[in-house]
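Below: one structure, written as structure tokens.
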Amino acid sequence: MSLPVKRTTGWLIRSGWMASQSLQSRGLAGFLCLMWLQFAAIEVRAQTVLHTETEIYPSARLVELDQSLNWKFAVAEQSVTLASTQVVRWGAWAGVTRNSAVWLSDGSWLVGDLQIATPDKVTLSSDWFQPVSIPLRSIRGLVRVAPASIAAWNRLQQQLESTSGGRDIVWLAADRQVAGIVRIELNEPPDTGAVLAIENAAQTIRLDWAEVQTLVFSPALMGKLPALTDELALGLVDGSHLQVRKLNHAGESVRLTLVCGLELTSLDLRTEFSAGVSLLTSPSPRSTFLGNMEPANYRNISHTRIEWPLGTNRDLYGRPLMTEWGIVDRGIAVHSSSQVAYRWDGSRARLLAEVMLAKPPEVSDRDLGSVGCQVLLARNGKLESVKKFSVSRDSSQPILLNIDLTDAQLIALVTEQGDFGPYGDHLLWLEARIAKSLVQNPP
């Protein structure tokens with residue numbers, strides 16, 4: 001979730017006492033401002049579902065990144081401390097909205113104020129990290145003017161990820177595009193801005209940097225976009241989404257080494273840095289995600305002319321998986337009435353998933369949708385139902401599944417129509433995975 005201020009919770013915590021003292025003398029305006037600061041800090045630390053290697057906790061709050069660089073959560077009335085590799089997912093990503101951002105070669109998004117420092121480097125001043133200089137060779141793209149909503153961000157992200165070819169692409173206002181080879185030239189004096197010289201077969205076009213909304217460098221030169229599940233992914237309340245290879249101490253602060261090699265040092269102390277974290281995910285070596293498996297069988301029984309495919313780590317419109325809280329990277333999506341089956345080898349494991357209806361793409365559909373679901377397992381040639389449940393749009397909480405798969409050869413997920421027929425019933429099986437047991441079946 002993004003907050004409508006430039007500096008968010010990390011700054012509020014660090015300077016909260018000073019703010020409260022200075023605001024006390026400002027009457028009602030000061031009181032309201034102080035209350036807003038407190039509300040913002042509470043909102044960032046909201047309760048959310050915590051997925052671990054072996055469990056799903058329905059409500060967890062991230063407390064801190066501790067001295068050993070493990071993540072400490074408050075779950076019900078107990079404390080749970082996990083290494084990064086043990087956190088399958090906590091939180092969601094709110095996308096890049098209202099802030100400029102750099103799209104890095106490893107797929108990370110780093111949000112902050114962009115400045116073109118030299119013809120081959122940009123500098124970024126972030127709310128959460130010390131200013132950093134980034135060479136253009138490590139950058140896939142630059143978003144100077146970000147969308148104002150997450151729906152618009154989803155559309156832009158899809159456009160950026162689907163670009164191809166050997167030319168750089170510049171987006172201007174009203175979705176106008178210019179393609180060619182981009183060369184950056186600094187104005188004289190340098191602090192007056194920069195110009196993009198875009199060379200194509202016909203001409204050279206010069207644009208002031210202030211006219212540019214988004215710039216994507218040649219996908220052919222940058223190579224294939226890496227999967228976002230290969231490393232620890234860390235999201236921040238400003239919209240940053242970072243692929244992190246290593247966490248280290250930097251004195252009392254935190255240093256993140258990204259997959260692309262860029263090093264970021266937090267502005268806040270380690271004990272305060274976690275206040276800005278809104279998402280944690282890891283690849284979970286013990287888990288096999290259904291979205292990465294080839295189904296043994298899939299069938300959609302359509303009652304209209306539209307036949308719906310199986311969504312794998314995308315929804316049925318090809319968008320990122322959307323919830324009320326933001327974007328989730330992993331899961332499968334189905335439309336009723338559908339059946340999808342996966343093979344298993346019978347070893348000791350559990351099926352874990354968070355199940356809910358997808359966020360509808362249109363406002364008019366927001367109140368529609370209900371489905372009936374079953375999980376069936378085939379053991380010794382016999383197919384049996386082991387879990388039945390229903391999900392509707394007004395469900396207050398997602399359904400959390402934790403099902404024993406011991407001796408199962410086949411896992412079948414069945415989705416049937418509910419009260420509204422085929423309308424609004426796109427179902428998400430988020431973080432659906434087979435978690436292997438530490439103790440395997442005896443010989």
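Key figures
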quantity	calculated
Residue in the range 149-157 that is over 20 Å from G223 (Cβ atoms), surrounded by fewer than 13 Cβ atoms within 10 Å (Cβ to Cβ) and over 24 Å from the mean Cα position of the chain (by Cα) present	no
Single unsatisfied condition, Q177 versus (1) more than 23 Å from T281 (Cβ to Cβ); (2) in contact (Cβ under 8 Å) with a residue 24 or more places away in the chain	(2)
Residue check for G261: touching a residue at least 40 places away in the same chain (Cβ under 8 Å) and surrounded by 18 or more Cβ atoms within 10 Å (Cβ to Cβ)	no
Elements of type strands (runs of 3 or more DSSP E) in the range 170-218, at least 2 residues being in contact with a helix residue (DSSP H, G or I) (Cβ under 9 Å, 6 or more places away or on another chain) and not acidic (D, E)	177-186, 194-199, 214-216
Residue that is farthest from the chain's Cα centre (by Cα) [pool: residues in the range 304-353 that are open to solvent by 30 Å² or more (accessible area, probe 1.4 Å) and acidic (D, E)]	D345
Single residue of the range 396-421 satisfying the filter (open to solvent by 50 Å² or more (accessible area, probe 1.4 Å) and of a type in the set (S, T, N, Q)) that is modelled with the lowest pLDDT	S396
Boolean, V386 is on the phi < 0 side of the Ramachandran plot and either assigned to a loop (DSSP other than H, G, I, E, B) or surrounded by fewer than 19 Cβ atoms within 10 Å (Cβ to Cβ) (or both)	yes
Selection from the range 229-247 of residues that are in contact (Cβ under 8 Å) with a residue 12 or more places away in the chain and either within 25 Å of V170 (Cβ to Cβ) or open to solvent by 60 Å² or more (accessible area, probe 1.4 Å) (or both)	D230, D238, G239, S240, H241, R245
Search result, residues across the range 184-212 that are closer than 18 Å to L136 by Cβ, at pLDDT 85 or above and open to solvent by less than 70 Å² (accessible area, probe 1.4 Å)	I184, E185, L186, A194, V195, L196, A197, I198, L207, W209, V212
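Okay, residues lined up against (1) β-branched (V, I, T); (2) touching a Phe, Trp or Tyr at 6+ places or on another chain (Cβ under 6 Å); (3) over 30 Å from F129 (Cα atoms):
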{"residue": "P285", "(1), (2), (3)": "no, no, no"}
{"residue": "R299", "(1), (2), (3)": "no, no, yes"}
{"residue": "V340", "(1), (2), (3)": "yes, yes, yes"}
{"residue": "R350", "(1), (2), (3)": "no, no, yes"}
{"residue": "L357", "(1), (2), (3)": "no, no, yes"}
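Listed here are the residues, each with its yes/no results for (1) more than 21 Å from R144 (Cβ to Cβ); (2) modelled with pLDDT under 95; (3) open to solvent by 10 Å² or more (accessible area, probe 1.4 Å); (4) in a strand (DSSP E or B).
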residue: T81; (1), (2), (3), (4): yes, no, yes, yes
residue: W90; (1), (2), (3), (4): yes, no, no, yes
residue: V96; (1), (2), (3), (4): no, no, no, no
residue: N99; (1), (2), (3), (4): no, yes, yes, no
residue: V102; (1), (2), (3), (4): no, no, no, yes
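The values are calculated or read from the model by the stated rules, or taken from the named source; none is laboratory data. As the structure is a prediction and not an experimental result, all values here were calculated from the model. Here Cβ is always computed from backbone atoms with ideal geometry, including for glycine, and neighbour counts include all displayed protein chains. Ligands, DNA and RNA are stripped out before the accessible areas are found, and what is left, the full protein with its side chains, is counted by its heavy atoms. Shrake-Rupley method; radii C 1.70, N 1.55, O 1.52, S 1.80 Å.
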